[in-house]
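**Student:** Before I ask anything, let me first share the structure, which is written out below as structure tokens.
The values are calculated or read from the model by the stated rules, or taken from the named source; none is laboratory data. Keep in mind the model is a prediction, meaning the values are calculated, not measured. All Cβ positions, even for glycine, are placed from backbone atoms using ideal geometry, and neighbour counts span all protein chains on display. Remember, those area values only see protein heavy atoms, side chains included, never the ligands or the DNA or RNA. Shrake-Rupley method; radii C 1.70, N 1.55, O 1.52, S 1.80 Å.
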Amino acid sequence: MYAVNRPASRRPELSRREIEVLVAWLHAESKQEAAKSLFISVSTVSTHVARIRAKYESVGRAANTKSALFARAIQDGYVSLDEW
């Protein structure tokens, strides 16, 4: 498999906290489970996920589903398949 290096302008800059919430949510069965693992509210998880989606939208790479966000996170190096 070939690694794809995305130009910086096409990769949204997620904050460390956004990455942390994204990874917890991707590992979880639900936003409730992710919130519990991070000791935050479900609405906070939802807010972070919405901001992450907006950042992807702003660079022309919409990710409207959890699986699409998972794919984008792998493509952009925020997570790796080795984590799963």
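**Student:** Cβ-Cβ below 7 Å, separation at least six or inter-chain, first residue in segment 59-77 and open to solvent by 60 Å² or more (accessible area, probe 1.4 Å), second in a loop (DSSP other than H, G, I, E, B) and among the basic types (Lys, Arg): which pairs?
**Tutor:** What qualifies is Gln75/Arg6.
**Student:** Can you tell me how many residues in segment 6-18 are open to solvent by 40 Å² or more (accessible area, probe 1.4 Å) and either modelled with pLDDT of 95 or more or not in a loop (DSSP other than H, G, I, E, B) (or both)?
**Tutor:** 6
**Student:** Residues being assigned to a loop (DSSP other than H, G, I, E, B) and among the polar types (S, T, N, Q): count how many of those fall in segment 47-84.
**Tutor:** The qualifying residues number 3.
**Student:** So which residues in segment 27-46 are open to solvent by 80 Å² or more (accessible area, probe 1.4 Å), in a helix (DSSP H, G or I) and not basic (Lys, Arg), if there are any at all?
**Tutor:** Within segment 27-46, His27, Gln32, Glu33 qualify.
**Student:** Just checking, which of Ala24, Ala3 is of a type in the set (Gly, Ala, Ser) and at pLDDT 95 or above?
**Tutor:** Every option except Ala24 fails the conditions.
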